[in-house]
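Visitor: There's a structure below that I have some questions on.
The values are calculated or read from the model by the stated rules, or taken from the named source; none is laboratory data. Worth saying up front: this structure is predicted, and the values here are computed from it rather than measured. Quick reminder, even Gly has a Cβ in these numbers, built from the backbone with ideal geometry, and neighbours come from all protein chains shown. To get the accessible areas, we keep the full protein, side chains included, count just its heavy atoms, and leave off ligands, DNA and RNA. Shrake-Rupley method; radii C 1.70, N 1.55, O 1.52, S 1.80 Å.
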Amino acid sequence: MSKKKKQRTRITTLDMNDPRFIDFYRELSEDKSARATAIIGHTFLHGSLQKILRKRLVENKDLFKKIDGFSFQRCVDLCYLTGSISLKEKAELNKLNEIRNIFAHELVNDFNDEDITKKCSGLGLCRILVSGFKFPFKTSREKYTSTVKCFIYILATRESETIRIGKHSAFSIS
């Protein structure tokens, strides 16, 4: 007797009314453990970067399978190299990746940790997006989650604006 696999549907476009997105956003905003907050935000951004790459690159199912295995850092680098994100956004995503790695690989579970606080103090995307407005970040956690939320919208917009690179035009050898 074969076991039936539970079908999971990925969110392929960012629909703010999708109950799964609402649940994710609520989970990111709730008072979960610091480690869970960092990893949840990072994981969603990783998936968003992968979606942009799948949409931007020449359509190739084998390549798309490989994109699923790309690290966060590789996705950031490729998104930058394809012009999908700016140099400032690349730097900010790298900071988020460093923060996530501290939570995931070290015995840290607090946004008040000295290294985490220092890394979070370098996050500035929200200030860049809305110049002249001072965000009232009271904690490193607020700064981290607000930056992740800004990126959710930025990457969703980029995905909707992304144009696929045309088909390969290889020389034919006769």
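Visitor: So which residues in the range 54-76 are assigned to a loop (DSSP other than H, G, I, E, B), surrounded by 12 or more Cβ atoms within 10 Å (Cβ to Cβ) and either modelled with pLDDT of 90 or more or polar (S, T, N, Q) (or both)?
Guide: ASN60, PHE70
Visitor: Among (1) surrounded by fewer than 15 Cβ atoms within 10 Å (Cβ to Cβ); (2) modelled with pLDDT under 90, there is one condition PHE137 misses while meeting the rest; what is its number?
Guide: (1)
Visitor: Out of the residues in the range 156-170 meeting the condition of being assigned to a loop (DSSP other than H, G, I, E, B) and of a type outside the set (A, V, I, L, M), tell me which one is modelled with the highest pLDDT.
Guide: Ranking the qualifying residues of the range 156-170, first place goes to THR162.
Visitor: ILE22: more than 13 Å from the chain's Cα centre (by Cα), closer than 19 Å to TYR153 by Cβ, surrounded by fewer than 16 Cβ atoms within 10 Å (Cβ to Cβ) and modelled with pLDDT under 70, yes or no?
Guide: No; evaluated as a whole, the condition is false for this residue.
Visitor: Residue by residue through the range 88-121, note down the ones that are open to solvent by less than 80 Å² (accessible area, probe 1.4 Å), outside any helix (DSSP H, G or I) and of a type in the set (D, E, K, R).
Guide: ASP110, ASP113
Visitor: What's the number of the condition ILE85 fails, among (1) crowded, with 20+ Cβ neighbours inside 10 Å; (2) assigned to a helix (DSSP H, G or I)?
Guide: It is condition (2) that ILE85 fails.
Visitor: I'd like the full set of residues that are under 15 Å from VAL148 (Cα atoms) and hydrophobic (A, V, I, L, M, F, W, C), limited to the range 86-113.
Guide: Passing the criteria: ALA91, LEU93, LEU96, ILE99, PHE111.
Visitor: Would you mention how many residues in the range 40-61 are free of Cβ contacts under 8 Å to residues at least 24 places away in the same chain and out of contact with any helix residue (DSSP H, G or I) (no Cβ under 6 Å at 6 or more places or on another chain)?
Guide: 3
Visitor: Specify which of the listed residues (GLY47, GLY83) is modelled with pLDDT of 90 or more and on the phi > 0 side of the Ramachandran plot.
Guide: Details: GLY47 fails: on the phi > 0 side of the Ramachandran plot.
The match here is GLY83.
Visitor: Cβ contacts < 8 Å: first residue outside any loop (DSSP other than H, G, I, E, B) and polar (S, T, N, Q), restricted to the range 126-155; second residue modelled with pLDDT under 85 and open to solvent by less than 90 Å² (accessible area, probe 1.4 Å), any location; separation 6+ or different chain. Result?
Guide: THR145/LEU28; THR145/SER29; SER146/CYS126; SER146/PHE135; SER146/PHE137; THR147/LEU125; THR147/CYS126
Visitor: A further question on this structure: Restricting the search to the range 62-111, which residues are without any contact (Cβ under 8 Å) to a residue 40 or more places away in the chain, among the small types (Gly, Ala, Ser) and more than 24 Å from THR157 (Cβ to Cβ)?
Guide: Hit for the range 62-111 is GLY69, nothing else.
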